[in-house]
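Peer 1: The structure's right below; bear with me while I get my questions together.
The values are calculated or read from the model by the stated rules, or taken from the named source; none is laboratory data. None of these values were measured; they are calculated from a predicted model. Note that each Cβ is placed from the backbone with ideal geometry, even for glycine, and that neighbours are counted across all protein chains shown.
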Amino acid sequence: MGKKFYKLPELPYEYKDLEPYISKEQLTIHHSKHHQAYVDGANAVLKKFDESREKGEDFDIKSTYKELSFHVSGFLLHKFFWENMGPADKCGGEPSGIIKEYIEKDFKNFERFKKEFSQAAISTEGSGWAVLTLCRRTDRIFIEQIEKHNVNVIPKFPVIMVLDVWEHAYYLDYKNVRPDYVQAFWNLINWDEVNNRVQKWLNSPL
């Protein structure tokens, strides 16, 4: 069985397609440079594993596994991020389907949900993410603030929507004004993809 490595996923749209909310230049750099860096970082750790084990050499377990967690989490969260966005003429607006039902059950209404998610994104300390997850044991949707890529993660809570609030995600378009970027995100959410994720996890065994 051959060894496999991570590859940069293609976007489900063109670099220009999220304008005017995310510019072609911003998206190009974010995807081709920053996301690629996490792919490269994860693969470097995998190669370290292979080479060290082949030669019978030791490596720093604590720092290496921490590095792997950082890069693989960055790879996955970016993949989710690209997929839960789309062109504004097809996406954004208020949700429908099962995610609407969850929002109304757990947050009372969309405006309350939008306010809480936006505040979570704006107030995330340093570099990180606002993430919507599903707790299947309580049948609730939760909002998380993930610092970096891998701090404050709740194990086994599947990701159903993410917003990247690292400065590299918005600095060219919004400078240091994170709230404007967060507001723009609501015009790009692919609610169909969010619904697909919810259904996928509801149909999977606990």
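Listed here are the residues, each with its yes/no results for (1) assigned to a helix (DSSP H, G or I); (2) of a type outside the set (D, E, K, R); (3) within 23 Å of H35 (Cβ to Cβ).
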residue	(1), (2), (3)
P155	no, yes, no
V162	no, yes, yes
N176	no, yes, yes
P179	yes, yes, no
Q183	yes, yes, no
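Peer 1: Of everything in region 32-56, what is in contact with a helix residue (DSSP H, G or I) (Cβ under 7 Å, 6 or more places away or on another chain) and within 17 Å of A169 (Cα to Cα)? Give them in sequence order.
Peer 2: Of everything in region 32-56, those that are in contact with a helix residue (DSSP H, G or I) (Cβ under 7 Å, 6 or more places away or on another chain) and within 17 Å of A169 (Cα to Cα) turn out to be H34, H35, Y38, V39.
Peer 1: Another one. I'd like to know if region 125-143 contains one or more residues that are touching a helix residue (DSSP H, G or I) at 6+ places or on another chain (Cβ under 9 Å), crowded, with 21+ Cβ neighbours inside 10 Å, assigned to a loop (DSSP other than H, G, I, E, B) and modelled with pLDDT of 95 or more.
Peer 2: No, the conditions are met nowhere in region 125-143.
Peer 1: State whether one or more residues within region 65-87 are acidic (D, E) and either modelled with pLDDT under 95 or more than 20 Å from Y21 (Cα to Cα) (or both). Don't jump to the end; show me each part of the working.
Peer 2: In the first step, residues of region 65-87 are kept if they are acidic (D, E); the result is 67, 83.
Add one more test, that the residue is either modelled with pLDDT under 95 or more than 20 Å from Y21 (Cα to Cα) (or both), and what stays is 67.
Looking through region 65-87, at least one residue is acidic (D, E) and either modelled with pLDDT under 95 or more than 20 Å from Y21 (Cα to Cα) (or both).
Peer 1: Based on what the data block shows, is Y21 closer than 23 Å to L77 by Cβ and not in a helix (DSSP H, G or I)?
Peer 2: yes
Peer 1: Follow-up. Can you go through D173, D164, D180 and tell me which one is at pLDDT 95 or above, buried (at least 21 other Cβ atoms within 10 Å of the Cβ), within 14 Å of I22 (Cβ to Cβ) and not hydrophobic (A, V, I, L, M, F, W, C)?
Peer 2: Step by step, each of D173, D164, D180 is checked, and only D164 is at pLDDT 95 or above, buried (at least 21 other Cβ atoms within 10 Å of the Cβ), within 14 Å of I22 (Cβ to Cβ) and not hydrophobic (A, V, I, L, M, F, W, C).
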